[in-house]
1. Taking the Cα centre of the stretch 244-306 as the origin, how large is its charge dipole in debye, to the nearest 20, when only Lys and Arg (+1) and Asp and Glu (-1) carry charge on their Cβ atoms?
2. Work out the charge dipole of the chain with +1 on the Cβ of Lys and Arg and -1 on the Cβ of Asp and Glu about the Cα centre, then indicate which of Asn229, Ser61, Phe104 is farthest towards its positive end.
3. Using percent of Cα pairs over 31 Å apart as the read-out, say which of (1) 34; (2) 45; (3) 37 was calculated from these coordinates.
4. To the nearest 10 degrees, how steeply does helix 115-128 sit against the main Cα axis of the chain, on a 0 to 90 scale?
5. Tell me the mean residue ellipticity at 222 nm calculated for the chain from its helices only (DSSP H runs of n ≥ 4, each -39500 (n - 2.57), averaged over every residue, nearest 500).
6. Taking the chain as the reference, fit the longest principal axis to its C-alpha atoms, fit the long axis of helix 130-147 to the helix C-alpha atoms, and give the angle between the two in degrees, 0 to 90, nearest 10.
7. Using unit Cβ charges (K, R positive; D, E negative) and no other charged atoms, how large, in debye to the nearest 20, is the dipole of the chain about its Cα centre?
8. Just the C-alpha atoms of the stretch 114-271: what Rg/Rh do they give, with Rh taken as the Kirkwood radius?
Amino acid sequence: MTDEIIMHDDSQQEINHREIDNIVSKLRTLRLASLEQRQRLNNPPKLPSRKALTSILERLSAVLFPNRLGASSISSDGIDYYVGHTLDITLRDLLDQVHHELYFVSEQENGGNAARRQAADIANAFAQQLPNIRSLLESDIRAAYEGDPAARSINDVLVCYPGVTAVIHYRIAHELHQLGVPLIARMISEIAHSLTGIEIHPGAQIDGSFFIDHGTGVVIGETAIIGRNVRLYQAVTLGAKRFPVNEQGMLVKGILRHPIVEDDVIIYAGATILGRITIGRGSTIGGNVWLTHSVPPGSHIMQAQTRSEMFEGGAGI
């Protein structure tokens with residue numbers, strides 16, 4: 001670059017190329033230091049692309065629901081061709097993103113020769129699960145329509161409701177999480193989080209006929225288990241009560257720390273349910289309830305029935 005100052009006619013802003021050179025140099029120094037600290041100096045990571053995954057998700061949604069989320073120009077006779085063609089292209093792109101994650105992990109573990117073949121196996125296994133994902137989503141969409149008096153049609157629910165959008169992303173992310181690509185799965189869940197304000201960890205286990213109404217601020221933790229025909233409202237948290245640490249003071253990861261919600265439960269807006277507790281079948285949890293103990297089937301928990309508790313080690317999500 002030169003030291004000249006370039007004038008832009010439309011804005012009259014000045015760009016000093018000498019300063020840009022200095023900034024680039026400082027960023028390079030920090031980048032190389034970070035790579036060296038992570039023992040990646042000679043092999044910078046090539047991670048999955050959020051932009052590519054966003055496109056993949058749009059196309060997978062069109063494959064699952066071609067009449068409503070696919071191209072508007074599709075004819076009835078051409079739907080199968082559209083689905084097959086779109087799926088073929090999308091799986092190839094998904095394979096590339098899975099390969100990025102697997103190659104990164106295998107390089108860290110001094111391996112990686114079979115990463116491409118493993119990526120293809122994962123992409124093919126994922127494709128085999130698409131009919132099951134579609135069936136689960138059908139039940140979720142039906143639950144949303146039947147559970148909201150403002151819903152005018154099944155179609156409205158699919159194309160308008162943020163809770164349904166978040167659940168579509170979750171069903172896809174969960175399957176990929178189960179198949180061994182947790183980074184891509186988490187990226188998909190965060191794409192949904194950005195779009196809807198709903199955060200569902202892909203490791204959570206959620207049965208069919210699941211409905212999140214309104215949705216903004218809902219958080220569902222990694223080890224949560226949710227039964228069939230469960231309805232949540234906005235700002236519900238299914239979180240962890242505390243975070244144990246090991247002898248080195250590091251958080252202990254992978255422990256079961258989130259609630260179990262059994263079938264036919266309704267949890268109203270703002271409720272916070274923390275810890276590995278069980279909400280019994282058919283229970284109703286009222287709005288803004290803070291709950292840290294199990295409740296039996298058929299319970300109706302309101303604010304006046306809960307009690308304040310002091311926590312050590314930090315309460316949270």
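1. Dipole of the stretch 244-306, to the nearest 20 debye: 120 debye.
2. Of Asn229, Ser61, Phe104, it is Asn229.
3. The calculated read-out lines up with (2).
4. Long axis of 115-128 versus the principal axis of the chain: about 40 degrees.
5. Value at 222 nm, helices only: -14500 deg cm²/dmol.
6. Between the helix axis and the principal axis of the chain, the angle is about 50 degrees.
7. Computed about the Cα centre, the dipole is about 820 debye.
8. 1.00
Throughout, read-outs are computed from the coordinates displayed, never taken from laboratory work. The shown structure was predicted, so the numbers you read here are calculated from the model rather than taken from an experiment. Here the Cβ is made from the backbone with ideal geometry for all residues, glycine too, and neighbour counts use every protein chain on show.
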